[in-house]
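Presented below is the structure to which this report refers.
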Amino acid sequence: MSRHPIDEWEKAAAEVRTRLSATKVRARFEGNPMAELAPEFAELVQTVARGRSYANPTLDLKTRSLLTVACLVGLGEQPYIETWIANAMAVGATREEIIELMVQLFTYVGTPKAVTGFAAAKAVFDETT
């Protein structure tokens, strides 16, 4: 293995992308400005994020997706929260687990951010029912 295994990460990133896109929820972030303005950079970011981090078996993809949801709720980024809730559900997270995550986060991120998380969850749930 090379010091920078980019080829391996690219292959792993493609596999993770396939698993995360298994959801029937509408495509999100069509027209992503980063992808439009700096496509090579956007692809590199995805290769490292998915191929190195998300593909690493130390934490399973469902756990990583739920952790990503938690981080995004902490930041209050509703569109990204919706995307990652859909991703988490695509790899096995249930509605009950998502709701419990929001309840857990309420204590640590505060009311406004938790409500943003609940709103994002509701938007995704409404699309899947």
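Where a number appears in this text, it was derived from the coordinates with a stated rule and is not lab data. In this text the structure is predicted, and so the values were computed from the model without any measurement. In this analysis, Cβ positions are derived from the backbone assuming ideal geometry, glycine residues included, and neighbour counts consider all displayed protein chains.
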* Structure fact -> Among the residues of segment 30-59, the number that are farther than 19 Å from TRP84 by Cβ, outside any helix (DSSP H, G or I) and hydrophobic (A, V, I, L, M, F, W, C) is 1
* Asked: Can you find a residue in segment 88-95 that is in a helix (DSSP H, G or I) and more than 30 Å from HIS4 (Cα to Cα)?
  -> yes
* Among (1) touching a helix residue (DSSP H, G or I) at 6+ places or on another chain (Cβ under 8 Å); (2) not in a helix (DSSP H, G or I) - the single one PHE118 does not satisfy -> (2)
* To do: Hey, can you tell me all the residues within segment 105-129 that are without any contact (Cβ under 8 Å) to a residue 12 or more places away in the chain and under 17 Å from ALA93 (Cβ atoms)?
  => LYS122, ASP126, THR129
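Residues in segment 49-67 that are closer than 24 Å to HIS4 by Cβ and surrounded by 15 or more Cβ atoms within 10 Å (Cβ to Cβ): how many?
Of all residues in segment 49-67, those closer than 24 Å to HIS4 by Cβ come to 49-59, 61, 64.
Among the residues that remain, those that are also surrounded by 15 or more Cβ atoms within 10 Å (Cβ to Cβ) are: 49-55, 61, 64.
Of the residues in that region, 9 qualify.
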* Structure fact -> Log entry, pairs with first residue in segment 56-68 being within 14 Å of GLY92 (Cα to Cα) and in contact (Cβ under 8 Å) with a residue 40 or more places away in the chain, second being in a helix (DSSP H, G or I) and of a type in the set (D, E, K, R), beta carbons closer than 8 Å, six or more apart or on different chains, reads LEU61/ARG19
